[in-house]
Amino acid sequence: MTHDGDSNFAVRLLDDEGDKVDLLVNEIGEFDGSKAVGIKKQGDYILDVSADGRWTITIEQPRPFSAPSVPKTLKGKGQQASEAFYLD
């Protein structure tokens with residue numbers, strides 16, 4: 001998700017009945033980040049976006065067939081979802 005405005009950038013994930021599933025981001029000003037969300041049932045979903053500037057959102061549904069196991073070192077800046085990793 002990216003946003004180039006100066007004010008609040010908020011993105012809510014809603015189900016097809018308009019009920020909140022998760023708050024994806026709620027930040028002031030520019031934003032460049034991501035969030036992983038576990039969706040428990042298939043269906044239609046809605047993104048409710050509030051922004052004062054241009055924004056982009058990319059939705060992915062990764063299905064890793066293999067992922068590295070831990071220990072693993074992760075680094076980053078800001079709100080970011082990591083790549084998949086395997087836990088016993």
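The values are calculated or read from the model by the stated rules, or taken from the named source; none is laboratory data. Please read these numbers as outputs of a predicted model, since none were measured by experiment. Every residue, glycine among them, receives a Cβ derived from its backbone with ideal geometry; neighbour counts consider all protein chains shown.
Could you check Arg12 against (1) within 15 Å of the chain's Cα centre (by Cα); (2) assigned to a loop (DSSP other than H, G, I, E, B) and say which number it fails?
(2) is the only condition that Arg12 fails.
Can you name every residue in the range 50-88 that is in contact (Cβ under 8 Å) with a residue 40 or more places away in the chain and surrounded by 12 or more Cβ atoms within 10 Å (Cβ to Cβ)?
Within the range 50-88, Ser50, Ala51, Asp52, Gly53, Trp55, Ile57, Gln79, Gln80, Ala81 qualify.
Given the structure, is Gly78 modelled with pLDDT of 95 or more, in a loop (DSSP other than H, G, I, E, B) and of a type in the set (Gly, Ala, Ser)?
When the stated conditions are applied, Gly78 does not pass them.
Just one of Ser66, Ser34 is on the phi < 0 side of the Ramachandran plot, hydroxyl-bearing (Ser, Thr, Tyr), in a loop (DSSP other than H, G, I, E, B) and under 17 Å from the mean Cα position of the chain (by Cα); which is it?
Result of the check over Ser66, Ser34: Ser34.
When you check Glu17 against the structure, is it surrounded by 13 or more Cβ atoms within 10 Å (Cβ to Cβ) and either among the acidic types (Asp, Glu) or in a loop (DSSP other than H, G, I, E, B) (or both), yes or no?
no
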